[in-house]
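Please read the structure below before turning to the comments.
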Amino acid sequence: MVATAGLAVWFDGALHGSGGTGGGAGAVVLNTATGRVVWQGARFLEQPGTSMQAEYEGLLLGLDAAARLTAALPAGAVTSVAAHGDCKMLVRQMSGEVVARKTAPLHGAASRAAAALAASTGSPVRFHFAPRANNHWADSLARGAIDAFTAAHAARGLAFLRSGRRRDALSALRLARSRGAPCGDAALSELLLYCEAAADWPTYLDTFREAQACGSPIVQVCVPSLLFLPFMFKSSPASLSPRTPHSGTIRHVCMS
């Protein structure tokens, strides 16, 4: 970074689907003198609620990074900070044009962070609206946080599954959903296949219910097997072992 420079904070927030069950926040900080990225980061949001809340979390992430960068440099090295986002309402709220009501706590936190930066740089933080097409970097980081969180939990579930721990695999997928991660259709599908191969019908049913709870499309193609479950349970436990598959079983083909 040059002796004196400004910082540009680009921020964004994202939700998984509707309902605010999970989201991500992303931010990029650039040196305005050189145009180079000096910091970038993202984090997963559990139950962010609304897209506006996710946007504020992205702003807070970027302002916090700008504050740490400013503190790490000699006094006077950072002369200004500007924040750019693609949410017009947030920009208007932070600029004082509109009163924040539903997002008052997050707005208050962002205002305090901006005031602390202004004290450090000697100039107020400026807020600018940017079209979404110009904010693709922060948007990618926010969405990437959701994908990374989901992939990590799915991998944990698959590790349990492939070591024969079907109930633990289901518990891992349930934990991921409780923390707001999108439903892992591929992981649920594989768990159903493993349960059917092992004739583990109780876990099969619980997995099907989990798929229903998170709105997974695999429930539409797994119903044929479920129609035969009452007939299967009339047989003795020995007849339900993997070595002696019941003649009433219909193989399902779940989406991956």
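Annotations
- Restricting attention to segment 36-51, the residues that are modelled with pLDDT of 95 or more and either outside the structural domain of residue 24 (by TED's automatic domain parsing) or hydrophobic (A, V, I, L, M, F, W, C) (or both) total 4.
- Any hit, segment 75-82, residues being buried (at least 21 other Cβ atoms within 10 Å of the Cβ) and outside the structural domain of residue 216 (by TED's automatic domain parsing): yes
- The lone exception for residue 127 - which of (1) over 17 Å from residue 25 (Cα atoms); (2) touching a residue at least 12 places away in the same chain (Cβ under 8 Å); (3) in a helix (DSSP H, G or I) it fails: (3)
- Residue 130 vs. criteria within 20 Å of residue 81 (Cα to Cα) and surrounded by 15 or more Cβ atoms within 10 Å (Cβ to Cβ): yes
- Boolean, residue 109 is farther than 15 Å from residue 7 by Cβ and surrounded by fewer than 14 Cβ atoms within 10 Å (Cβ to Cβ): no
- Residues in segment 13-58 that are part of a strand (DSSP E or B) and under 13 Å from the mean Cα position of the chain (by Cα): 13 in all.
- Boolean, residue 103 is in contact with a helix residue (DSSP H, G or I) (Cβ under 7 Å, 6 or more places away or on another chain), surrounded by fewer than 21 Cβ atoms within 10 Å (Cβ to Cβ) and in contact (Cβ under 8 Å) with a residue 60 or more places away in the chain: no
- Some residue of segment 5-20 being crowded, with 23+ Cβ neighbours inside 10 Å, within 15 Å of residue 86 (Cβ to Cβ), at pLDDT below 95 and small (Gly, Ala, Ser): yes
- Listed conditions (1) assigned by TED's automatic domain parsing to the domain that holds residue 215; (2) not in a helix (DSSP H, G or I) are all met by residue 154, apart from (2).
- Only residues that are surrounded by fewer than 14 Cβ atoms within 10 Å (Cβ to Cβ) and either aliphatic (A, V, I, L, M) or closer than 16 Å to residue 196 by Cα (or both) were counted across segment 133-147, and they come to 1.
- The single condition among (1) of a type in the set (A, V, I, L, M, F, W, C); (2) touching a residue at least 40 places away in the same chain (Cβ under 8 Å); (3) under 22 Å from residue 37 (Cβ atoms) that residue 116 does not satisfy is (3).
- Just one of the numbered conditions (1) modelled with pLDDT under 55; (2) surrounded by 13 or more Cβ atoms within 10 Å (Cβ to Cβ); (3) within 23 Å of residue 143 (Cα to Cα) is not true of residue 249: (3).
The values are calculated or read from the model by the stated rules, or taken from the named source; none is laboratory data. Values in this document were obtained by computation on a predicted structure and should not be read as measured data. Glycine gets a Cβ as well: all are built from the backbone with ideal geometry, and neighbour counts include every protein chain shown.
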